[in-house]
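Just below is one structure, and these are the notes that go with it.
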Amino acid sequence: MAADSKKNSDPRESKFYVTAVERAISVLSAFDSSHRHLSMSQLSELTGLDISAIQRFTYTLTTLGYLRRDPGTKKFEVSPRLLNFAHLYLAANETLSKAMPYLQRLADETEEIVNLSVLDGTDMILVSRIITRHAINPNIQVGSHMPAFCTASGLAWLAELSEEQINDVLRSSTLKAYTQYTETRIDKIFQRVQEVQKVGYAFTQEEYRLGGVSTAGAICDRVGKVQGSISVTVATPRWNQKTDPKRYADLLLATCSAISNN
């Protein structure tokens, strides 16, 4: 019983958990597209930390170069140095690192947007995005979060997981309708994942955002563990329902296979 209690306890209660690190990250996480420039009082309100703590964390993060302060407004903003972490993530992952030239080749061949995403909880996080002359959804940028359950990249990733893992993600997801085409019934979503497992790729049309059709496939490491999802997104008016489904599926499957087997 004692062992079970210890196993199920909150990890944050561990003696190894450093609260100061959590708080520093909460300060950085307060910045987003709706909060680009924040004062100390705004940071305090968003993080729940008192002004004294905000002063210490902003001073440290500014000294380290992760925040910048406008001398006129006294407000803070994140600095480009944070991009180092995105680079480190890609560089430290062998599969994702070697995927980059293949993504560029796929973008050149299709002349469409190519995305590389990874699962974080119930969301797919965009870690690389190659823009072509047929760019759509300009607000989606590296670092953007998208729900796994209704995106091609998410369905492709889920198809590489065990049944238990798939159910865990779906049960933890907020299954809301982003468009009139979003499938929110958990049993139907699970069936879609099973279909992806059979054919090797995922396909969605205007389920997360209107105006786009996405085809995605998963890339795996040498032991078969999923490392990322590659998707190609085409604007709906340019999508040819007769020829494009097979064309993009074939291109994606070939690209994913080349990366996974390299």
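Read-outs throughout are calculated quantities, based only on the coordinates presented, and are distinct from any laboratory measurement. Being a predicted model, the structure only gives us computed values, none of them experimental.
Stick to Cα atoms and the Kirkwood definition of Rh, then tell me Rg/Rh for region 130-204.
On the way: Rg = 13.3 Å, Rh = 13.4 Å.
Using only Cα positions, Rg/Rh for region 130-204 is 0.99.
Quick one: which residues, 5+ away or cross-chain, put their amide H under 5 Å from the amide H of Ser79? H built at 1.01 Å from N.
Distant-sequence amide H within range of Ser79: Leu67, Arg68.
Rg and Dmax in Å for region 1-102, alpha carbons only: what are they?
Cα only, region 1-102: 17.9, 59 Å (Rg, Dmax).
Using amide H atoms built 1.01 Å from N in the peptide plane, name the residues 5+ places from Cys220, or on other chains, whose amide H lies under 5 Å from its own.
Gln227, Ser260
Once the Cα atoms of helix 83-92 and of the chain are each reduced to a long axis, what angle between those two axes, in degrees from 0 to 90 to the nearest 10, is obtained?
50
What's the center-to-center distance, using Cα atoms, between region 174-203 and region 234-248 in Å?
19
How big is the equivalent ellipsoid of region 85-233 along its three axes, where each semi-axis is √(5λ) from the Cα gyration tensor, reported in whole Å from largest to smallest?
Working: eigenvalues 101, 70, 38 Å².
Equivalent-ellipsoid dimensions as semi-axes: 22, 19, 14 Å.
Tilt of helix 51-63 relative to the longest C-alpha principal axis of the chain, in degrees (0 to 90, nearest 10)?
60
Taking Cα atoms, how many degrees apart are the long axis of helix 19-29 and the longest axis of the chain, rounded to 10 and kept between 0 and 90?
60
Rank Asn115, Asn93, Asn240 by mean-square fluctuation in a GNM of the chain with C-alpha springs under 10 angstrom and give only the top-ranked residue.
Most flexible of the set in this elastic network: Asn240.
Out of the DSSP beta bridges found with both residues in region 169-262, what percent are antiparallel (nearest 5)? Before the final figure, lay out each step's value.
On the way: 13 of 13 bridges.
Here the share of antiparallel DSSP bridges comes out near 100 percent.
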